[in-house]
Amino acid sequence: MESHTHHHHDEDMLSVEQAKQRVLANFGVLDAEIVPVTQAIGQVLSNDIFSPLDIPPLNNSAMDGYAVISGDTDGAGADNPVFLDVLETIAAGSLPKVKIGPGKASRIMTGAPIPPGADAVVPFELTTEMLIATVKEDDSIGILTEVSEGNDIRIAGRDVGRGDKVLDKGSIIKPSTVGLLAALGLSEVSVIRRPVVAILATGDELLEPGADYVEGKIYDSNTNTLVASVESVGGIPLPLGVAPDNAGELRSKLQQAVDSDLIITSAGVSKGDYDLVKDVLEEHGNLEFWSVRMRPAKPLAFGHLDFDKRSDSIPLLGLPGNPVSTFVAFEQFGRPAIRLMMGKAAGERPIVKATLADSIHNYDGRRVYARVRVWKDQDRGVYCAETTGSQESNILTALAYANGLGICPEDITTLGPGDEIEVVMLDWPEEIL
Ligand code: AMP
Ligand code: MG
């Protein structure tokens, strides 16, 4: 009987790719919002950005030095200074007051506008600036080199021209982009909004962290895992806490998800479960229960919940309850769904090929995502990977110690020491590079 049931199950099982495709078909890009530029990190531009101005706005000096007429420096050298009369000092942020005529120069700071008449800058180091205590207006300065036209001048509009398209719709905002937007004078930007992701843990056994320990209970770790994971993808987590295995409380917790874009629950999706999650969720929408050919995280629920207050329904991702299963299933299904809503490609984390130091076993033809730690063997110039502990789906320490998920494919029963393994990198700690 057991083997028959098992066999039947196998045929019903979805590959990871099939399950992912079915889930992701339900997600599209959310609408745009206008946010302060510095809050938009990781969000996607909803329009092209055109520059309202030239950057730099004016020709300006690349050095602290003297603005001169290049022709006046002809024949100048270390032993043959050409002396020019100093007209003024031009600071960054101020405008020149006087035109440079033949035999004249103005002292100029980096970033200050080039005065009319000048066509080059001579840096202090190539003048007698350093040899004299102070240079006052009406003093003269010795130029110790010839310079050609344009020397140390930054040309207006060289970086960005007024009206130029600077960033494309669909670009992801990152720290350097934030700087660029500020340079254009923008304080706000229109980006695809972040999805609100309601997170609900279910189970009578769960205690909220911070509560006094009660015999027979365990602390809810999945909520924290999911809050942090949602945030790391750029979503806005809305933790709803713990719903006990009781239909009334489960329903009322779910009502708090009414304004969310996605609901993620954990636990209560495995076959033969005592939990009420299935029943309650099914009452309020449609829900399918799948088996996915992966380990951990075989059981998965996906559907939509309807709320009286809303015309559309909200997608619901029901993850298995074991903490490592929750994490791995979020990686496969939650993370790309959030990315799609944010206007990004579903995306894949970087994969490295590593040499396995120990062994990974595959008992039943599923794709194993093993918790591994990757490091770089500096002598051989290769990545190595080692499992971080027991691979059962309740062992959270092995997950915490891992920086990647090592894949043992469906059709391979064992990977051993020395075998090559592909590892999906969860973090990319700089010390392993
Ligand atoms: P279930 O899917 O309800 O059968 O749960 C599977 C396993 O995951 C059980 O051992 C649960 O106690 C555990 N579990 C469920 N929810 C959580 C949670 N939020 N935090 C930690 N463990 C959990
Ligand atoms: Mg349960």
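What follows is calculated from the coordinates using simple rules that are stated; it is not laboratory data. All figures in this text were calculated on a predicted structure; none of them were measured in a lab. Cβ: placed from backbone, ideal geometry, glycine included. Neighbour counts: every protein chain shown.
Here the stretch 1-114 carries DSSP beta bridges of which approximately 55% are antiparallel, counting only pairs with both residues inside. For Asn286 and Arg380, the FRET efficiency from 1/(1 + (r/R0)^6), where r spans their Cβ atoms and R0 equals 51 Å, is about 0.45. Straight Cα distances below 29 angstrom link Lys278 to the lysines Lys20, Lys217, Lys253, Lys298, Lys309, with same-chain residues fewer than 8 positions distant left out. Ranking Ile173, Leu184, Pro116 by Cα position along the charge dipole of the stretch 105-190, where only Lys, Arg, Asp and Glu carry charges on their C-beta atoms, puts Ile173 farthest toward the positive end.
Give me the percent of DSSP beta bridges within the chain that run antiparallel, rounded to the nearest 5. Restricted to the chain, the bridges split so that about 70 percent are antiparallel.
Site pair Ser252 and Ile432 shows an inter-label distance of 4.5 nm when each label is modelled 7 Å from Cα along Cα→Cβ.
Using the Kyte-Doolittle scale, which helices in the chain average at least -1.0 and also have C-alpha atoms spread 15 Å or more along the helix axis, with helices defined as whole DSSP H runs?
222-233
What is the calculated FRET efficiency for Glu348 to Glu149, with r their C-beta to C-beta distance and R₀ = 41 Å, to the nearest 0.05? The value I calculate is 0.20.
Using Cα pairs closer than 8 Å and at least 6 residues apart in sequence, work out the relative contact order for the chain, in percent.
Averaging sequence separation for qualifying contacts and normalising by length gives 15 percent for the chain.
The label-point distance for Glu205 and Thr128, in a model that sets each label 7 Å from Cα toward Cβ, rounds to 8.8 nm. Taking the Cα centre of the chain as the origin and placing charges on Cβ (Lys, Arg +1; Asp, Glu -1), which of Ile41, Pro315, Ala78 is farthest toward the positive end of the dipole? Positive-most Cα among the choices belongs to Pro315. Taking a ≥ b ≥ c as the square roots of the eigenvalues of the Cα gyration tensor, the stretch 351-432 is oblate, since a/c reaches 1.5 or more and a/b is not larger than b/c. Just to be sure I understand: of the beta bridges DSSP finds with both ends in the stretch 60-154, what percent are antiparallel, rounded to 5? Restricted to the stretch 60-154, the bridges split so that about 80 percent are antiparallel.
Magnitude of the charge dipole for the chain, about its Cα centre and with charges confined to Cβ atoms of Lys, Arg (+1) and Asp, Glu (-1), is about 620 debye.
Of the Cα atoms belonging to the chain, the radius of gyration and Dmax stand at 31.9, 104 Å. Over the residues of the chain, the helix contribution to mean residue ellipticity at 222 nm works out to -5000 deg cm²/dmol, using -39500 (n - 2.57) for each DSSP H run of at least 4.
Taking only the C-alpha atoms of the stretch 60-154, the Rg (one decimal) and the largest Cα-Cα distance, Dmax (whole number), read 11.4, 35 Å.
Projected label points at Ser359 and Tyr219, each 7 Å from Cα along the beta carbon direction, are separated by 3.5 nanometres.
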